[in-house]
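Trainee: The structure follows.
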Amino acid sequence: MYNKRNFISVIDDLENTVKTPKTKLFYNLCQKFEIDLNQKILLIVDKKTSSLKLSTRNLENVELISASNLNTLSLLKAKQIILTTDAVNIIKEIYCG
């Protein structure tokens, strides 16, 4: 069985880091954090900003989802999971009471 625990990253304030809608900017950010864009990536954020949507839409293996819309299928398909700290807090609030 594949353990995804080693492939989970938390990036602080990603929504505000990607202010301009450029795929190259997001690509460079992934390189900085050693994220393999050849594998399926689930990017979980607090709120899907338009800049983040536009920056990730051309990347075939990246699925952008808000924490409130998190689902099992997306989690199972992903090889790497990237969360923002705000998304972690929302997930805790929803699923941990």
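Each value in this text was obtained by applying a stated rule to the coordinates, not by laboratory testing. Keep in mind that what you see is a predicted model, and the values were worked out from it rather than measured. When we count neighbours, we look across all protein chains shown, and the Cβ atoms used for this are built from the backbone with ideal geometry, even at glycine.
Trainee: Amide H to amide H, which residues 5 or more places from V10 or on other chains are under 5 Å from it, using H placed in the peptide plane?
Mentor: L83
Trainee: So, one more: Can you give me the relative contact order of the chain as a percent, contacts being Cα pairs under 8 Å and 6 or more apart?
Mentor: This gives 38 percent for the chain.
Trainee: Using a cut-off of 22 Å between alpha-carbon atoms, which lysines can reach K48, once sequence neighbours fewer than 8 places away in the same chain are excluded?
Mentor: K19, K22, K24, K32, K40, K77, K79, K92
Trainee: A further question follows. Would you calculate the separation in nanometres between label points at N61 and L75, each defined as 7 Å from the Cα along the Cα-to-beta-carbon direction?
Mentor: According to this spin-label approximation, the distance is 2.2 nm.
Trainee: FRET efficiency for K53 and I94, Cβ-Cβ distance as r, R0 = 22 Å, nearest 0.05?
Mentor: The computed FRET efficiency comes out at 0.50.
Trainee: Taking 0.36 nm per residue of separation and subtracting the Cα-Cα distance, what length does fully extending I8 through Q31 add?
Mentor: 6.7 nm
Trainee: Let me ask something additional. Within the chain, list the chymotrypsin sites (Phe, Trp or Tyr not before Pro) lying in a DSSP loop whose Cβ has at most 16 other Cβ atoms in a 10 Å radius.
Mentor: Those that pass, being in a loop and sparsely packed, are Y2, F33.
Trainee: Assign unit charges at the C-beta atoms only (+1 for Lys and Arg, -1 for Asp and Glu), then state the dipole size of the chain relative to its Cα centre in Debye, rounded to the nearest 20.
Mentor: With only Lys, Arg, Asp and Glu charged at Cβ, the dipole is about 260 debye.
Trainee: Pick the calculated semi-axes √(5λ) of the Cα gyration tensor in Å for this structure from (1) 26, 22, 12; (2) 20, 17, 12; (3) 25, 17, 14?
Mentor: Only one option fits the structure, namely (2).
Trainee: Within a Cβ distance under 13 Å of K47, other residues only, what is the Lys/Arg minus Asp/Glu net charge?
Mentor: Computed value for this residue: -2.
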